[in-house]
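S.K.: Sharing a structure here in structure tokens format.
The values are calculated or read from the model by the stated rules, or taken from the named source; none is laboratory data. Every value quoted in this text rests on a predicted model; they were computed, and no experiment measured them. Here Cβ is always computed from backbone atoms with ideal geometry, including for glycine, and neighbour counts include all displayed protein chains. To get the accessible areas, we keep the full protein, side chains included, count just its heavy atoms, and leave off ligands, DNA and RNA. Shrake-Rupley method; radii C 1.70, N 1.55, O 1.52, S 1.80 Å.
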Amino acid sequence: MIHTDRIGHVVIKVRDLERSRKFYTEVMGLDVMMELSQPKICFFASNRRDHHELGCMEVGKDAAGTQARQIGLMHIAFRLTDEEQLRSAYKVLKENNVPINFTVDHIITKSIYFSDPDGHQLEVYCDNPPEYIAVAKGNKYTGMEKLDFAPEEPGIVEAFSKSMT
């Protein structure tokens with residue numbers, strides 16, 4: 001059995017590397033750690049703590065997009081330190097006209113799901129404090145309520161009902 005320390009990084013395929021660089025630096029706040037011209041790829045990290053956490057490799061403007069009911073990556077999650085940062089992230093997403101797919105209070109975490117310019121689903125989340133989790137009834141991973149600070153956004157039930165039709 002392999003005993004991994006943690007997931008080190010993810011590399012995704014994108015149509016336009018410049019557009020992705022702009023999104024991941026200006027909206028997501030990641031730092032460019034290195035860029036290669038062949039293959040055309042850019043490596044990003046948060047807080048410059050690793051050589052990279054995310055890589056984006058350009059595959060061309062005509063590349064097919066993701067499909068809702070195909071095998072593949074569901075989403076990439078970015079952890080924030082607390083709910084204040086999550087609320088701030090929501091404001092940044094709205095200011096940059098990033099459509100919100102849905103929000104959810106999972107009980108264990110509070111999350112906002114959205115897509116990058118190529119349709120890769122992303123999540124920003126914060127862990128809920130232990131005292132918040134302790135008072136929740138039932139399974140601590142199955143909360144389905146929308147976030148209270150984003151009531152106009154779809155919830156998880158609405159989003160998944162829509163994607164299955």
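S.K.: Not counting the cut sites, what is the longest span of the chain without chymotrypsin sites (Phe, Trp or Tyr not before Pro) that DSSP labels loop and that have at most 16 other Cβ atoms within 10 Å?
M.R.: 1-140
S.K.: Also, I was wondering about something else. Accessible surface of I107 in the full protein assembly, 1.4 angstrom probe, to the nearest 10 Å²?
M.R.: Approximately 30 Å² of I107 is accessible to the 1.4 Å probe.
S.K.: Also, quick follow-up: Whose amide H sits under 5 Å from the amide H of G143, counting only residues 5 or more places off or on another chain, with H placed in the peptide plane?
M.R.: The answer is I107, I108.
S.K.: Shifting gears a bit: Angle, helix 83-95 long axis vs. longest principal axis of the chain, Cα atoms, 0 to 90°, nearest 10?
M.R.: Roughly 50 degrees between the two axes.
S.K.: Continuing with the same structure: Can you compute the label reach from E158? Point 7 Å from Cα along the Cβ direction, backbone N cut-off under 20 Å, restricted to the range 97-118.
M.R.: Residues passing the 20 Å test: 97-107, 110-116.
S.K.: Divide by every residue of the chain the summed helix terms, -39500 (n - 2.57) for each DSSP H run of at least 4, and state the resulting mean residue ellipticity at 222 nm, rounded to the nearest 500 deg cm²/dmol.
M.R.: One gets -5000 deg cm²/dmol as the mean residue ellipticity at 222 nm.
S.K.: Further question on the same structure: Exactly which GluC sites (Glu not before Pro) in the range 101-161 are in a DSSP loop and have at most 11 other Cβ atoms within 10 Å?
M.R.: Here the GluC sites (Glu not before Pro) that fit, given the DSSP loop and packing criteria, are E152.
S.K.: If you don't mind, another one. Probe 1.4 Å, all protein chains in place: accessible area of R6 in Å², nearest 10?
M.R.: About 140 Å², ignoring ligands and nucleic acids.
S.K.: Antiparallel DSSP bridges in the chain: what percent, to the nearest 5?
M.R.: Bridges in the chain that DSSP calls antiparallel: roughly 70 percent.
S.K.: Now, a different point. Under a 1.4 angstrom probe, counting protein chains only, how are T25, T66 ranked by accessible area, largest first?
M.R.: Most to least solvent-accessible, the answer reads T66, T25.
S.K.: Taking θ as phi - 60°, what are the ³J(HN,Hα) couplings along the range 32-48 by the Karplus curve (6.51, -1.76, 1.60), each to the nearest whole Hz, with x for Gly and Pro?
M.R.: 6, 9, 6, 9, 10, 8, 9, x, 6, 8, 10, 10, 10, 8, 8, 6, 6
S.K.: Is the C-alpha gyration tensor of the chain telling us rounded, prolate or oblate? Criteria: a/c under 1.5 is rounded; beyond that, a/b larger than b/c is prolate, otherwise oblate.
M.R.: Details: a/c = 1.71, a/b = 1.46, b/c = 1.17.
It is prolate, given that a/c is not under 1.5 and a/b is the larger ratio.
S.K.: Can you pull the one-decimal nm distance between simple spin-label points at R19 and D5, each 7 Å off the Cα toward Cβ?
M.R.: Roughly 3.6 nm, to one decimal.
S.K.: Can you give the accessible area of V11 in Å² (nearest 10), computed on protein heavy atoms with a 1.4 Å probe?
M.R.: 80
S.K.: Top to bottom by accessible area (1.4 Å), largest first, where do I76, I2 land?
M.R.: Details: I76 20, I2 145 Å².
Ranked list, largest accessible area first: I2, I76.
S.K.: Determine ³J(HN,Hα), in whole Hz, for all residues of the range 3-8 in sequence, where each value follows from phi through the Karplus function 6.51 cos²θ - 1.76 cosθ + 1.60 and θ = phi - 60°; x replaces Gly and Pro.
M.R.: 10, 6, 7, 5, 6, x
S.K.: Continuing with this model, one more query. For the full complex of protein chains and a 1.4 angstrom probe, list L80, L122 by accessible area with the highest value first.
M.R.: Result, largest first: L80, L122.
S.K.: Also: At what distance in nm do the modelled label points of R79 and N47 sit from each other, each positioned 7 Å from its Cα along Cα→Cβ?
M.R.: 1.0
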